[in-house]
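The values are calculated or read from the model by the stated rules, or taken from the named source; none is laboratory data. Bear in mind that the values here come from a model prediction, so they are computed numbers and not experimental data. Virtual Cβ from ideal backbone geometry, glycine too; neighbours counted across all protein chains shown.
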Amino acid sequence: MRDAVLMELTDTARHRAGDPGELTVGQVAGLVGVSVRTLHHWDEIGLVVPSARSWAGYRLYGTEDVARIHQVLVYRETGMPLAEVARVLDDPHADATAHLARQRELLQARIAHLTRMLRAVDTMMERNSMGENLTPQQQAEILGAEWDPAWQEEAEERWGRTDEWAQSAARKAAMTRQDWARVAKETGVLEADLAAAMREGVAPGSEQANALAERHLASIDQWFDATYAKQVLIARGYVADPRFTAYYDRIEDGLAAWLKEIVDANAAAHGVDPATAVWQ
């Protein structure tokens with residue numbers, strides 16, 4: 001490890017005296033605001049492959065490489081899966097102007113969508129603060145096309161007689177508008193952190209993955225008393241139910257399966273066998 005660090009330091013020093021248009025992976029990471037691990041991952045999957053290597057074999061990025069990274073970042077911000085980003089960027093019929101026009105269109109659509117959802121959440125928080133229980137049809141009217149009233153009915157049919165359902169209903173009824181705003185913010189941050197960790201290649205069972213699994217468990221525990229076994233069964237549904245899979249994979253392609261993996265690994269570390277877990 002020490003020799004590798006010394007080689008990279010030496011290589012960086014040599015590079016600084018060479019072509020100023022080529023940057024090391026560390027320099028690029030600092031420039032564009034992503035981790036070195038992310039750049040390594042993008043290289044491995046062929047999304048952004050550096051155009052040069054140093055005498056010691058380290059990655060060197062040129063001007064066009066950095067420009068491609070910026071394009072990836074913008075497309076990723078629109079919610080596009082990395083595999084689709086690669087396909088779009090490698091389209092021989094699309095030039096830089098076409099990419100910028102498409103990115104602008106996608107970002108405008110995402111902004112409009114998020115604005116609608118924000119207004120919907122504000123409306124529901126206001127109704128809840130006044131003690132008004134919305135019917136499934138009213139929720140659909142407020143939340144728009146993405147909300148299916150059948151979800152609420154299905155959930156109540158399956159769990160309406162359980163202690164967890166009663167706990168959740170009681171806690172929701174006691175929540176203020178500020179509480180709902182906090183939950184919405186924390187959920188968004190957690191989902192973004194999960195997606196970022198998966199993109200960076202964080203391994204299930206690692207310290208970072210386990211910390212994220214604990215945050216996910218805490219997000220469930222705010223509604224009812226959660227355990228590692230219950231979390232395992234809930235995460236199992238993320239890959240078993242296409243609706244859950246679609247929800248998480250819209251955030252990042254493959255996120256549903258990866259989230260289940262980190263939940264299983266963390267539960268196993270606490271003595272719960274994911275294969276035999278029961279609701280208790």
Cβ pairs under 6 Å, 6+ apart, first in segment 43-63 and within 15 Å of Ala29 (Cα to Cα), second in a strand (DSSP E or B) and not charged (D, E, K, R) = Pro50/Leu60; Pro50/Tyr61; Leu60/Ala52; Tyr61/Leu23
Condition check for Gln167: out of contact with any strand residue (DSSP E or B) (no Cβ under 9 Å at 6 or more places or on another chain), at pLDDT 90 or above and either outside any loop (DSSP other than H, G, I, E, B) or under 15 Å from Asp264 (Cβ atoms) (or both) = no
Val85: under 29 Å from Ala203 (Cα atoms), outside any helix (DSSP H, G or I) and β-branched (Val, Ile, Thr), yes or no?
-> no
Would you check if Ala240 is within 27 Å of Ala166 (Cα to Cα) and out of contact with any Asp or Glu (no Cβ under 9 Å at 6 or more places or on another chain)?
-> yes
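Taking the condition of being assigned to a helix (DSSP H, G or I) and surrounded by 14 or more Cβ atoms within 10 Å (Cβ to Cβ), how many residues in segment 170-180 meet it?
Step one: list which residues in segment 170-180 are assigned to a helix (DSSP H, G or I), which gives 170-173, 177-180.
Imposing the further condition that a residue be surrounded by 14 or more Cβ atoms within 10 Å (Cβ to Cβ) reduces the set to 172, 177, 179-180.
Total satisfying the criteria: 4.
For segment 202-234, which positions are basic (Lys, Arg) and surrounded by 20 or more Cβ atoms within 10 Å (Cβ to Cβ)? Before you say what the answer is, go through the steps one by one.
Step one: filter segment 202-234 for residues basic (Lys, Arg), giving 215, 230.
Selection gives Lys230 alone.
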On the given criteria, is Val28 at pLDDT 85 or above and more than 26 Å from Gln208 (Cβ to Cβ)?
-> no
With the condition kept exactly as written, say whether any residue in segment 224-244 is assigned to a helix (DSSP H, G or I), over 16 Å from Asp193 (Cβ atoms) and of a type in the set (Asp, Glu).
-> no
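Considering only segment 251-266, state which residues are assigned to a helix (DSSP H, G or I) and over 11 Å from Gly205 (Cα atoms). Write out each step before concluding.
Initially, segment 251-266 is screened for residues assigned to a helix (DSSP H, G or I), giving 251, 255-266.
The answer is Ile251, Leu255, Ala256, Ala257, Trp258, Leu259, Lys260.
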